Amino acid sequence: MKVILLKDVKGQGKCDEIIEVSDGYANNFLIKNKLAVPYSKKSKEVLDNELEIRRINEDKLIDNCQKIANELNSKELIFKLKAGKDGKTFGTISSKQIQEELKKIGYKIDKKTIHLNYALDSLGVHKVEIELHKKVKFEINIHIIEK
């Protein structure tokens, strides 16, 4: 019996795949537990429409992320820290602080998308990567000046 998986099933397949399984397994386990639906022309059409809607939504999300990335690419965030000799600061700038500063200028960005490759603990300009989507990454300048 052919079925369309609604969720990932270990050892069988991933969500939205069309697989061939025995009638008993399909009826007594997959369909009964709402893990799959029987394959038919109608269910195939529904699957195709759902995949198309997801693709369109994904494209819109990527476009929005790219728009934000283009706007922020030219921005520079300025932070003030107390500094000692040789430009070494007392403290560091965290992704949470960067997120809060971005929020002040009108951008709601999750701190988990801000990737700090090293501790921002010295005066000067540092480049920080932000990954809004797996296809949209950009760098923003973080300028640390003495208080």
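The values are calculated or read from the model by the stated rules, or taken from the named source; none is laboratory data. Please read all numbers here as calculations on a predicted model, not as lab measurements. So basically every Cβ, Gly included, is an ideal-geometry build from the backbone, and we count neighbours across all protein chains shown.
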**Message:** Within the range 108-126, does at least one residue satisfy the condition of being in a strand (DSSP E or B) and among the charged types (D, E, K, R)?
**Reply:** yes
**Message:** Suppose we keep only residues that are over 29 Å from the mean Cα position of the chain (by Cα) and basic (Lys, Arg) within the range 19-43. Which one would you say is nearest to residue 6 (Cα to Cα)?
**Reply:** 32
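Restricting to the range 13-28, give me the number of residues that are more than 20 Å from residue 51 (Cα to Cα) and surrounded by 14 or more Cβ atoms within 10 Å (Cβ to Cβ).
Adding up the residues that qualify gives 4.
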**Scope the range 29-41; condition surrounded by 10 or more Cβ atoms within 10 Å (Cβ to Cβ) and out of contact with any Ser or Thr (no Cβ under 9 Å at 6 or more places or on another chain); matching residues** = 29, 30, 31, 32, 33, 35, 36, 38, 39, 40
**Fill in**
Residue count, the range 111-125, condition modelled with pLDDT of 90 or more and not aliphatic (A, V, I, L, M), comes to 3
**Message:** Given the condition in contact with a Lys or Arg (Cβ under 6 Å, 6 or more places away or on another chain), under 18 Å from residue 143 (Cα atoms) and touching a residue at least 60 places away in the same chain (Cβ under 8 Å), answer yes or no: does some residue in the range 60-76 qualify?
**Reply:** no
**Asked** Quick one: residue 48 ticks every box in (1) touching a residue at least 24 places away in the same chain (Cβ under 8 Å); (2) within 28 Å of residue 6 (Cβ to Cβ); (3) not β-branched (Val, Ile, Thr) bar one, so which box is it?
**Response** (1)
**Message:** Would you confirm, using the coordinates I've provided, whether residue 118 is under 26 Å from residue 64 (Cβ atoms) and of a type outside the set (Lys, Arg)?
**Reply:** no
**Message:** Among the listed residues 75, 85, 103, 111, identify the single one that is closer than 30 Å to residue 146 by Cα, of a type in the set (Lys, Arg) and exposed (fewer than 11 other Cβ atoms within 10 Å of the Cβ).
**Reply:** 85
**Asked** more than 15 Å from residue 71 (Cα to Cα), at pLDDT 90 or above and either surrounded by 11 or more Cβ atoms within 10 Å (Cβ to Cβ) or touching a Leu at 6+ places or on another chain (Cβ under 6 Å) (or both), is that true of residue 130?
**Response** no
